[in-house]
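Written below as structure tokens is the structure these notes are about.
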Amino acid sequence: MKIKKKLPIGVEFFKSFKKDDFYYVDKTGFIRDLINSRGSVNLITRPRRFGKSLNMDMLKSFFEVGTDPTLFDGLEISKEPAVCEQYMGKYPVISISLKDVEGRDFQTAYDMLEITISEEARRFGFLLDSDRLTKFEKEQMNDLMRGRFEKAAYLHNSLRLLTELLFKHYGIQTIVLIDEYDVPLDKAYQDGFYEEMVRLIRSLFSQVFKTNPNMYFAVITGCLRIAKESIFTGLNNFKVRTISDIDFAEYFGFTDHEVKEMLSYYGLEDSFAQIKEWYDGYHFGNEEVYCPWDVINQCDKLRVWKDAPMEAHWENSSSNAIVQDILVNATETTKSQIESLISGETVEKVLIPELTYTDLDNEDDEIRQTYLWSVLFATGYLTDAGKPENGVHKLAIPNREVLGIYEKRIRSWFKMKIISDTIQWKQFCEAVKTGNHAEVQRLFNEFMSDSISIRDTFVKKEMKENFYHGMLLGLLRAEGSWSLKSNAESGDGYTDIMLEILKEQTGCIMEVKYAENGRYDLACAEAMRQIQDHGYSEALRQDGVQRIHKYGIACYKKKCRISYCMEKVNDIQK
């Protein structure tokens, strides 16, 4: 039996695919399309974990002098012999990533930038032996390699100087690749030195990109399109390709066809529908794409266990602080729009294509909310549900994983707000413990009236139930002395919520149902029947619990109704 290729989890070096036998989704057509439509400076923005870094290393591997041409054998670009003959292995390439340029203060971030540039300069150590460089130029190169930037101007000019020295040696213009260009700005904004970092990056970019005869072209990637006035001042040779543009859309993320091919290769065709529900739904230009990080990681899980549950891989690899921000600062209008999104509907927004991080702190609430929606769109927490018209975007949550991120943040916000009212929350917990179901219903209704609800839309019923289940779970988990389990196995199935108060030999079973169109009685009856028919109280009886409260909870929008019964050992009372 032939051994399958490994899945490339976290692999960012193009040569690793052939060298270490990793599965590769062929994106080399990007090289051809870039050559045919590039500008002098090309900015490509995509959310995190959509293949930007790998594509940048692919470009480096293709263009750089001394490349191994066999890396591209059998790939799409190899079908373009004229392109390969003219461009492959023909150019010096400077390639840096700014993802590690960060620190709690400006000086630390500054030092990290010095290290990043000096590490790249050391790749060109052979220039110290070049007979085309003067003694002074070799001294300059030595300083670049050592990271000796005695004056700020030396660091600002470092990349331009490196292109000059490479041109002097090769007689060929240099290609410059800068990945994750906006990470230093994001980190600086969070840590309070944004303006200083803007000035540094602006000067670095201006030196290397503006009227530089030693540079052939440049590609820059990042998550956000930072305003030209902030970073790219004076660059008139600038070409931008965002997630709304048609160019290059299929090269960042996986298409339906590519996902089906991968699943077929690993014998996982039966998982396609779930993979699509959880990780598809992003619209870049005219393409519908999946998050590649999710697909690769989930395929790896499914290879070992074909029934492995879907997991939120992208969520755990990206910062979700921006979602928290929009909830903390949400106006009533914004809350209503979030309800629409969670319910599977869309919201229409005019978005701002160019951003600066300081825009998020604008005192005008309407302007600030517009910027927040724009960032949510650019970072992958929302996507286009159709083509924008007259600058208006119809926005939607792309898939099940991202929906879960919103739900978690909403529940966290809800929990903090409700528990801050200590008296009411304690009353709720006491009512749950004692079986005062009327009080549980009253208080939960009060809590939900100040929360975000799920509307009665086409979103699957189980997803609606999960939302309310999570809200209830968050309230109960705050009572740290109780033993609490979610989706616990008991009897012949899995109950939504099971809790034990051991010192009082008391337990609770809670089954949450969504009351379609407000049919509370029907949903309550279904919940209670499920508790009884599947023997959900069995696990509690085995633990020696003497009193079991059973709650059938029906939710619809911002209301709930509760059915109840109590079971004693060998005795059931209503």
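The values are calculated or read from the model by the stated rules, or taken from the named source; none is laboratory data. Since the model is a prediction, treat every value here as computed from it, not as a measurement. All Cβ positions, glycine included, derive from the backbone under ideal geometry; neighbour counts span all protein chains shown. These area figures cover heavy atoms from the full protein model, side chains too; ligands, DNA and RNA do not enter into them. Shrake-Rupley method; radii C 1.70, N 1.55, O 1.52, S 1.80 Å.
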* **Lone qualifier among LEU71, LEU75 - being under 29 Å from PRO292 (Cβ atoms), buried (at least 17 other Cβ atoms within 10 Å of the Cβ) and in contact with a Lys or Arg (Cβ under 7 Å, 6 or more places away or on another chain)** => LEU71
* **Subset of region 134-176 [closer than 21 Å to TYR110 by Cα and not in a helix (DSSP H, G or I)]** => GLY147, ARG148, PHE149, GLU150, LYS151, ASN157, VAL176
* Structure fact -> Subset of region 34-51, residues open to solvent by less than 10 Å² (accessible area, probe 1.4 Å) and outside any strand (DSSP E or B), comes to LEU34, ARG46, PRO47, PHE50
* Check on ILE96, buried (at least 16 other Cβ atoms within 10 Å of the Cβ) and part of a strand (DSSP E or B) -> yes
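Every residue, every condition in (1) surrounded by fewer than 21 Cβ atoms within 10 Å (Cβ to Cβ); (2) in contact with a helix residue (DSSP H, G or I) (Cβ under 9 Å, 6 or more places away or on another chain); (3) closer than 30 Å to GLU462 by Cα, yes or no:
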{"residue": "LYS187", "(1), (2), (3)": "no, yes, no"}
{"residue": "ILE220", "(1), (2), (3)": "no, yes, no"}
{"residue": "ASP256", "(1), (2), (3)": "yes, yes, yes"}
{"residue": "ASP270", "(1), (2), (3)": "yes, yes, yes"}
{"residue": "ALA273", "(1), (2), (3)": "yes, no, yes"}
{"residue": "TYR290", "(1), (2), (3)": "no, yes, yes"}
* Asked: Just to be sure, is ILE531 under 18 Å from HIS469 (Cβ atoms), β-branched (Val, Ile, Thr) and either crowded, with 17+ Cβ neighbours inside 10 Å or in contact with a Gly (Cβ under 8 Å, 6 or more places away or on another chain) (or both)?
  -> yes
* Asked: Taking region 354-385 as the search range and keeping residues that are loosely packed, with under 15 Cβ neighbours inside 10 Å and in contact (Cβ under 8 Å) with a residue 12 or more places away in the chain, which one is farthest from PRO47 (Cα to Cα)?
  -> ASP365
* Which one of these is on the phi < 0 side of the Ramachandran plot, out of contact with any His (no Cβ under 6 Å at 6 or more places or on another chain) and buried (at least 18 other Cβ atoms within 10 Å of the Cβ): PHE149, PHE136, PHE126? -> PHE149
* **Verdict on ARG442 being more than 24 Å from ILE501 (Cβ to Cβ) and open to solvent by 10 Å² or more (accessible area, probe 1.4 Å)** => no
* Asked: Can you find even one residue in region 439-448 that is assigned to a loop (DSSP other than H, G, I, E, B) and not hydrophobic (A, V, I, L, M, F, W, C)?
  -> no
